[in-house]
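Here the structure comes first, spelled out in structure tokens, and everything after it is commentary.
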DNA sequence: CAAACATTCACACATGTGTGCTAAGGTTGC
DNA sequence: GCAACCTTAGCACACATGTGTGAATGTTTG
């Protein structure tokens, strides 16, 4: 049985064991399994857990965001549709003005 | 006062007036305003509302997803970090197996 | 000016997501 | 074989998102 168990991986990664199971369930960090069904975390998994932590602290990216970003990578039609919509929105310029008003709101608060 | 008011635009777009205000608030479809503060929807806005509807029905894309996709476009560091993380995840292969197990689960249900 | 409509604000509720905890049962390693 | 750990399933809760509805107030237009 080679690799860390879920609580060992939790200790080394800073996530809770519960969260590791959650990430497994959602396909974001999927460890190997022992014959008896124990999760076995190796170096690759620990690195991905560290990367996740980085994404969260630096950018506020949650698991749900990554699930959607993964769809964008893997579904070209979806990517094209979303990109097209956003591009049109930028052309019209309304986004820029909205962004400015958002900053005004923040200053006023 | 040129353009449709919020309930007129709602009728023509199929969204509720409430939702149009929500989309405005989140910067996704931002109409012009009359001197007195009324929202004024023009052709560009109606088109974007139709596009939104299409994104939702074809792909299940919610407003929150678009807000994140917009961040991906506008924050190169974020895009690089997310893309790198997902690429590493794909290389390790675990995603593929997870996807297979997901299909098995669906078949079993 | 008055009727018809808009505005913002707020309460309310359903659903989804992230997280902790417990229960009942299986695995591992000494 | 036993202690220590794991598994899944479930309840519970807080927070965010999407949506309806109502109140108090302001705008438009005939």
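Mind checking the mean number of beta-carbon atoms from other chains within 10 Å of the Cβ atoms in B:38-50?
Going residue by residue through B:38-50 and averaging, the value is 1.
Label position 7 Å from Cα toward Cβ: report the copy-to-copy distances for residue A:2 in nm, one decimal, ordered from shortest.
7.2
Need one value for B:64-74: mean number of C-beta atoms belonging to other chains within 10 Å of its residues' C-beta atoms.
The shielding value for this peptide is 6.
Shortest first, in nm, what separates the label point of residue A:16 from those of the same position in the other copies (7 Å along Cα→Cβ)?
3.4
Count, for each residue of B:51-60, the Cβ atoms from other chains sitting within 10 Å of its Cβ, then give me the mean as a whole number.
Mean inter-chain Cβ contacts per residue within 10 Å come to 3.
For the range B:1-88, would you read off the P(r) tail past 21 Å as a percentage of all alpha carbon pairs?
39
Which distances, in nm and shortest first, link the residue B:77 label point to the same label point in every other copy, taking 7 Å along Cα→Cβ?
The answer, with the shortest distance listed first, is 3.7 nm.
None of the figures in this text is laboratory data; all of them are computed from the coordinates on show. This is a predicted model, so every value here is computed, not measured. No Cβ is skipped: glycine too gets one built from the backbone with ideal geometry, and neighbour counts run over all protein chains shown.
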